[in-house]
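Structure, as structure tokens:
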Amino acid sequence: MPGLFWQRALAFCLAAALSLLAPAPGFGQEARDKAGLAKWGKLSLKGRAYYLRRDFEKTGLQEALALGLWALYESPEWRGLSLGLGGYTSQPFLIDDPARGGTGLLADGQSGFSVLGQAWLQGRMGSNALKLGRHILETPLINSYDVKMVPVTVEGAAFSNHGLKELDITAAHLLGIKPWTDTTFQSLSQAAGLSGSEEPVSLAGAVWRPAKGYSLQFWNYFCHQFVNMVYFQADAAWPLGKGWSVTASAQAIDQRDVGRALAGAVNANQWGLQLGLAWRGWLFTAAYTGTGPDHDIVNPWGSYPGWTSIMEEDNDRAGEDTWLAGLSYDFSHAGIKGLSANTLHTFSRTPDSGPHASPDQTEHDLTVDYHLQGSLKHLWLRVRGAYVDQDEALGGEDFSDFRIIINYDFSLVR
């Protein structure tokens, strides 16, 4: 079995590299010339090949290999108006056993899918912009969560203002959301598991940068008849000289049920601290998060921003205390441009008894990224591995995760 595994991994690398590196006919250097294409807008293309194998000690194996393509067209502005259309596809390749589903790369039954994930109209006036339709929105609790084949996109209206150098403001009213492998949009409350409901989310946030190296952000998310969520984050950075620098961050989340409380009573909170020490390409990170004892954190619409959320586990269960240690290195400081690596480790403790008892767990992750140089500068490779060790006495299960991702990003107008 190990031999077969590595044969498949090698076959994946070769096939994906060939499919992504094949030049598109008619798009040579002259065709990509900015002066000739700018008047027609911008076409961004991204190819992705993704192999994922997750091996659970008790419940078996999840495994898939997918090839995908993104295509996003953005028109030039006309009197402040512009539009965008973005299509996504993810298709199985060689490894697609339906009995090994659940990777999040392919739809049910390990089948391929395609979706129009973005279709928006934007109006811009000065430093104000209003975007309507399907689009990507990046905020702490609703975001693209781009760690699989297709990003999470939302449907609704989003307003942004960047008129002040030190202040960015965002407000949005969202009617729908499209998770990773879905081909249709559903209401935000449905995506949170409340079937039959059609509740939207209204949100507002501000990011303030009073001085270089300092920032504060505050966000409020109101999902009608379900939950209200508040997020706060503060960041600071101090250069120490001789290549040394220190960063410090704090965050807090508070969540309460509202209206008809469609998911029942919600009283959840979390807080966290993070410290970083950098020196000549090295970065050491330490963090802690603590979750209140009454309810798990509600997190149905994107990646979780907690400092101790890493490759597999979010560490946001009721009563959970989690510590993180991480180390990363940028090999360009050693003369190898484009190569970087990081390792992250979390140690989590939860209640052993009571209504929110859950298994303690540890997680160990390793990620290596390589961005090629020169004529292949748009190609980059990521290799990731994780191992999660959970307390089996409370229903936990040990498992491992191995991933190879190849990305090829380019734009016909830059």
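Below are the figures for this structure:
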{"read-out": "Neighbours by Cβ (under 6 Å, 6+ apart or cross-chain): first from the range 257-281, on the phi > 0 side of the Ramachandran plot; second open to solvent by less than 50 Å² (accessible area, probe 1.4 Å) and assigned to a strand (DSSP E or B)", "value": "Gly281/Tyr329"}
{"read-out": "Hits in the range 47-60 (condition: modelled with pLDDT of 95 or more and open to solvent by 40 Å² or more (accessible area, probe 1.4 Å))", "value": "Arg53, Asp55, Phe56"}
{"read-out": "Any chance Gly112 is closer than 25 Å to Val383 by Cα and in contact with a strand residue (DSSP E or B) (Cβ under 9 Å, 6 or more places away or on another chain)", "value": "yes"}
{"read-out": "Condition check for Ile177: open to solvent by less than 40 Å² (accessible area, probe 1.4 Å), within 27 Å of Gly102 (Cα to Cα), of a type in the set (A, V, I, L, M, F, W, C) and not in a loop (DSSP other than H, G, I, E, B)", "value": "yes"}
{"read-out": "Failed item, numbered, when Gly156 is tested on (1) under 29 Å from Gly47 (Cα atoms); (2) assigned to a loop (DSSP other than H, G, I, E, B)", "value": "(2)"}
{"read-out": "Odd one out for Leu141, checked against (1) open to solvent by less than 60 Å² (accessible area, probe 1.4 Å); (2) over 16 Å from Asn299 (Cα atoms)", "value": "(2)"}
{"read-out": "Any hit, the range 308-322, residues being at pLDDT 95 or above, within 30 Å of Lys242 (Cβ to Cβ) and open to solvent by less than 50 Å² (accessible area, probe 1.4 Å)", "value": "no"}
{"read-out": "Leu194 being within 18 Å of Ile297 (Cβ to Cβ) and of a type in the set (A, V, I, L, M)", "value": "yes"}
{"read-out": "Selection from the range 272-292 of residues that are part of a loop (DSSP other than H, G, I, E, B) and surrounded by 16 or more Cβ atoms within 10 Å (Cβ to Cβ)", "value": "Gly292"}
{"read-out": "Hey, Trp323 assigned to a strand (DSSP E or B), in contact with a strand residue (DSSP E or B) (Cβ under 9 Å, 6 or more places away or on another chain) and within 30 Å of Ser353 (Cα to Cα) or not", "value": "yes"}
{"read-out": "Some residue of the range 349-372 being in contact (Cβ under 8 Å) with a residue 40 or more places away in the chain, assigned to a strand (DSSP E or B) and open to solvent by 30 Å² or more (accessible area, probe 1.4 Å)", "value": "no"}
{"read-out": "Enumeration of residues in the range 76-86 that are under 18 Å from Lys46 (Cα atoms) and at pLDDT below 95", "value": "none"}
{"read-out": "Of the criteria (1) under 21 Å from the mean Cα position of the chain (by Cα); (2) buried (at least 17 other Cβ atoms within 10 Å of the Cβ), which one Asn269 fails", "value": "(1)"}
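Residue by residue, here is whether (1) assigned to a loop (DSSP other than H, G, I, E, B); (2) closer than 22 Å to Thr153 by Cα; (3) open to solvent by 50 Å² or more (accessible area, probe 1.4 Å) holds:
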{"residue": "His173", "(1), (2), (3)": "no, yes, yes"}
{"residue": "Thr183", "(1), (2), (3)": "yes, yes, yes"}
{"residue": "Ser197", "(1), (2), (3)": "yes, yes, no"}
{"residue": "Pro210", "(1), (2), (3)": "no, no, yes"}
{"residue": "Tyr231", "(1), (2), (3)": "no, yes, no"}
{"residue": "Gln255", "(1), (2), (3)": "no, no, no"}
{"residue": "Gly259", "(1), (2), (3)": "yes, no, yes"}
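The values are calculated or read from the model by the stated rules, or taken from the named source; none is laboratory data. The shown structure was predicted, so the numbers you read here are calculated from the model rather than taken from an experiment. FYI the Cβ positions are ideal-geometry reconstructions off the backbone, even for glycines, and counts take in every protein chain you see. Side chains are part of the model used for accessible areas, which takes the heavy atoms of the whole protein and leaves out ligands, DNA and RNA. Shrake-Rupley method; radii C 1.70, N 1.55, O 1.52, S 1.80 Å.
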